[in-house]
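Below: one structure, written as structure tokens.
The values are calculated or read from the model by the stated rules, or taken from the named source; none is laboratory data. Keep in mind that what you see is a predicted model, and the values were worked out from it rather than measured. Here the Cβ positions follow ideal geometry from the backbone for every residue, glycine too, while neighbour counts run over all protein chains shown. Keep in mind that these areas ignore ligands, DNA and RNA; they rest on the heavy atoms of the full protein, side chains included. Shrake-Rupley method; radii C 1.70, N 1.55, O 1.52, S 1.80 Å.
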Amino acid sequence: MKTIKIGLLGMGNIGTGTYKTLEMNRNEIEATLDRKVEIVKILEKDTERDRGVTVPKEKFTQDPDEIFNDPDIDIVIELLGGIEPATTFMLTAMKKGKHVVTANKAAIAANYHQLMDTAKENHIAFKFEASVGGGIPILGTLLGPLRANKFQEVMGILNGTTNYILHMMTKEGMDYDVALKDAQAQGFAEADPTADVEGIDAANKLTILMALMFDKYVAPEDIPTTGITGITSEKIEEARSNKCKIKLIAHAWKDDAGEIKYEVRPMYISETHPLANINKEFNAVFVKGNAVDDVMFYGKGAGPLPTGSAVLGDVIDIAKTVLR
Ligand code: HSE
């Protein structure tokens with residue numbers, strides 16, 4: 001039985017979640033592919049951390065070229081996070097003929113065309129389902145089952161950390177700082193949580209959604225963005241007295257003239273609206289297509305295992321469709 005060999009760049013929270021998901025569901029994954037799947041090399045400095053999973057020491061390397069130059073590696077999974085060196089590493093892997101899977105919304109949003117073009121030029125698959133909505137299969141659905149539509153709007157909660165913080169402040173009366181620490185401890189937050197709380201992570205995801213839905217690239221820094229750092233318990237109480245909850249909403253839509261508008265900001269959402277009842281690290285996204293009308297996606301938008309699920313879904317897809 002052939003083995004699909006994977007090089008993993010980064011074994012932080014999401015790398016660990018991906019490794020654990022593979023160990024947990026190996027039998028089913030290998031049965032569906034009729035092939036073995038092995039993470040053969042891992043680029044990671046921290047080889048001592050207790051990850052709750054046993055990783056043979058010899059898999060670790062500190063030299064990315066050991067992965068790029070290994071002719072047996074079929075797929076590179078990039079889970080370093082951040083724009084660099086992640087983008088350069090993905091481009092290098094592509095030029096070496098490796099298929100690339102990533103969860104890295106910051107790198108994709110910053111370098112969308114370069115990554116897409118390099119993948120195309122090198123005839124490799126580049127997949128990034130985990131970059132938007134964590135475990136929610138939204139990107140593949142937009143590009144597959146919903147492809148027959150002209151899209152008109154996307155609106156939703158795209159960041160698990162801020163939704164967790166707002167939920168804990170609203171429901172449990174928790175302080176902002178305590179809720180943020182809790183979100184970090186559970187592996188929802190970015191390495192630098194500024195990207196979460198300032199709305200930058202949600203803007204990165206909106207950039208990716210707009211590129212796929214409207215074929216329009218808008219750099220994340222050009223999206224008017226307000227985060228949740230100004231949300232106090234007083235504002236939450238004020239919303240409550242108006243029968244609303246505060247949610248960080250990413251929104252892009254075509255106006256009557258066909259022009260695309262976009263923003264990320266905290267909004268008052270009526271308690272009766274479905275988005276008001278999206279709790280903790282869950283995400284929810286409405287998409288409107290001209291044929292299908294409204295579609296709503298819901299699921300865990302952050303966390304090691306939900307994100308690992310999406311990463312491995314891309315690996316399985318590549319193995320089934322490209323690596324025949
Ligand atoms: N920090 C991100 C979030 C991780 O909280 O949504 C998932 O992209």
Revision key, fill the gap. By the Cα gyration tensor axes a ≥ b ≥ c (a/c under 1.5 gives rounded; else a/b larger than b/c gives prolate, otherwise oblate), the shape of the range 1-46 is oblate
Practice item. Could you state, as a whole-number percent, how many of the C-alpha pairs of the range 227-307 are farther apart than 18 Å? Key: 54 percent
Study note, to complete from the structure: Both in Å, the radius of gyration and Dmax of the C-alpha trace of the range 56-191 are 18.1, 54
Study note, to complete from the structure: With R₀ set to 45 angstrom, the calculated FRET efficiency between the beta-carbons of Asp256 and Arg324, to the nearest 0.05, is 0.45
Study note, to complete from the structure: Amide H proximity to Phe60 below 5 Å, modelled H, separation 5+ or other chain, gives Ile42
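If I compute solvent accessible area with a 1.4 Å probe over the protein chains, what percent of it on the range 197-324 is carbon and sulfur?
C and S atoms contribute 49 percent here.
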Review point. Per the helix-only calculation at 222 nm, which mean residue ellipticity applies to the chain, given -39500 (n - 2.57) for every DSSP H run of n ≥ 4 and division by its residues, nearest 500 deg cm²/dmol?
Key: -11500 deg cm²/dmol
Review point. Given N residues in the range 266-324, what is Rg(Cα) / (2.2 N^0.38 Å)?
Key: 1.54
Review point. So for the pair Lys20, Lys120, with labels modelled 7 Å out along Cα→Cβ, what separation do we get in nm?
Key: 3.9 nm
Check your understanding: Under the Kirkwood approximation for Rh and a Cα-based Rg, what ratio Rg/Rh is obtained for the range 171-236?
Key -> 1.07
Check your understanding: How large are Rg and Dmax for the range 57-97 when only the alpha carbon atoms are used, in Å?
Key -> 10.3, 28
**Study point:** Neighbour cut-off at most 14 other Cβ (10 Å), DSSP loop, trypsin sites (Lys or Arg not before Pro), the range 177-216
**Key:** Lys216
Point to revise | Segment Ala191-Asp215, extension gain: residue separation times 0.36 nm, minus the distance between their alpha carbons | key: 5.7 nm
Revision key, fill the gap. Here FRET efficiency (C-beta to C-beta, Val295 to Lys57, R₀ 51 Å, nearest 0.05) is 0.65
Check your understanding: When ligands, DNA and RNA are left out and all protein chains stay put, how many square angstrom of accessible area per residue does the range 135-250 have with a 1.4 Å probe?
Key -> 43 Å²
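Hey, what D do you get for the range 181-324 in µm²/s if you plug the Kirkwood alpha-carbon radius into Stokes-Einstein at 4 °C and 1.567 mPa s?
The calculation lands on 75 µm²/s.
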Study note, to complete from the structure: Dividing the surface of the Cα convex hull of the chain by four yields a projected area in nm² of 16.9 nm²
Study note, to complete from the structure: From the Cα centre of the range 164-220 to that of the range 89-142, the distance in Å is 20 Å
Study note, to complete from the structure: Excluding residues fewer than 8 positions from Lys261 in its own chain, the aspartates and glutamates with Cα under 15 Å of it are Glu153, Asp215, Glu221, Asp222
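Residues with beta-carbon under 13 Å from that of Met155, excluding Met155: net charge, scoring Lys, Arg +1 and Asp, Glu -1?
+3
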Check your understanding: How high is the relative contact order of the range 1-89, in percent, with contacts defined as C-alpha pairs under 8 Å that are six or more residues apart?
Key -> 44 percent
Check your understanding: Could you give the length gained on full extension between Lys150 and Ser270, defined as 0.36 nm per residue of separation minus the Cα-Cα distance, in nm?
Key -> 40.4 nm
